Amino acid sequence: MRGIRTAWRPALGIVIGTGIGLALLNSCDGFPVHDLAAVYRDGSGRIMVELGQCGSKVDARGPTLIVTPDGGDPTYWPTGREPGRTGPFPLFAPPGAWAVDGKPGGPRALEPRHGYVLHFTVLEDGHRVLYTSASDFSLADIESLRPGQLWANGEAMSRERFRAHVTSEC
């Protein structure tokens, strides 16, 4: 599994590098990178996502799902740039404004021996990057969850612990 978890890092570097470039264009300050997404199965078995937020007003852009097969090159499943809600929402059917851009036929299910990173950016005033989030997981991680658990920050946790994690990250 270590190969899956490290294979996405070059792709994440590109995504974060782009965000850093935007931040430098918008401000002399850098911006923090957090791990603020929770992934889990709902009662019907769908893979769901909830995006943590720093503060009460969130202008979350993205998210982008980066998929890396073990030993392969990453592919990207980006969603729209319109502001969206923090969730929960089905991973493979983002809500309203987050309609899929790009090529049809993106992933519709988690695959074994693939690593996944869910990345999103939060903007202030619609243009200045406040922070980004990058959260990694695999099918094995999601399958290891007990009812009521979420996968966040590289481990299984309760919804209450996820909220505490988001508070501590912010």
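The values are calculated or read from the model by the stated rules, or taken from the named source; none is laboratory data. Model, not experiment: these values are computed from the prediction. Glycine also receives a Cβ, built like all others from the backbone with ideal geometry; neighbour counts cover every protein chain displayed. Each accessible area value is taken on the protein alone, full model and side chains, heavy atoms only, with ligands, DNA and RNA left out. Shrake-Rupley method; radii C 1.70, N 1.55, O 1.52, S 1.80 Å.
One table, with the values for the structure above:
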| quantity | calculated |
| --- | --- |
| Residue check, residue 15 at pLDDT 75 or above, not acidic (Asp, Glu) and not in a loop (DSSP other than H, G, I, E, B) | no |
| Scope the stretch 118-130; condition surrounded by fewer than 22 Cβ atoms within 10 Å (Cβ to Cβ) and under 21 Å from residue 65 (Cβ atoms); matching residues | 123 |
| Residue within the stretch 163-170 that is in contact (Cβ under 8 Å) with a residue 24 or more places away in the chain, surrounded by 12 or more Cβ atoms within 10 Å (Cβ to Cβ) and in a strand (DSSP E or B) present | no |
| Residue that is farthest from residue 155 (Cα to Cα) [pool: residues in the stretch 119-144 that are in contact with a Leu (Cβ under 6 Å, 6 or more places away or on another chain) and modelled with pLDDT of 90 or more] | 133 |
| Candidate set from the stretch 135-154 (those that are assigned to a strand (DSSP E or B) and open to solvent by 20 Å² or more (accessible area, probe 1.4 Å)); member that is nearest to residue 67 (Cα to Cα) | 136 |
| Residue list for the stretch 48-74, filter: open to solvent by 20 Å² or more (accessible area, probe 1.4 Å) and in a strand (DSSP E or B) | 50, 61, 64, 69 |
| Check on residue 47, modelled with pLDDT under 50, closer than 21 Å to residue 114 by Cβ and of a type in the set (A, V, I, L, M) | no |
| Top-ranked residue in the stretch 75-92 [being β-branched (Val, Ile, Thr) and either assigned to a strand (DSSP E or B) or crowded, with 19+ Cβ neighbours inside 10 Å (or both); ranked as modelled with the lowest pLDDT] | 79 |
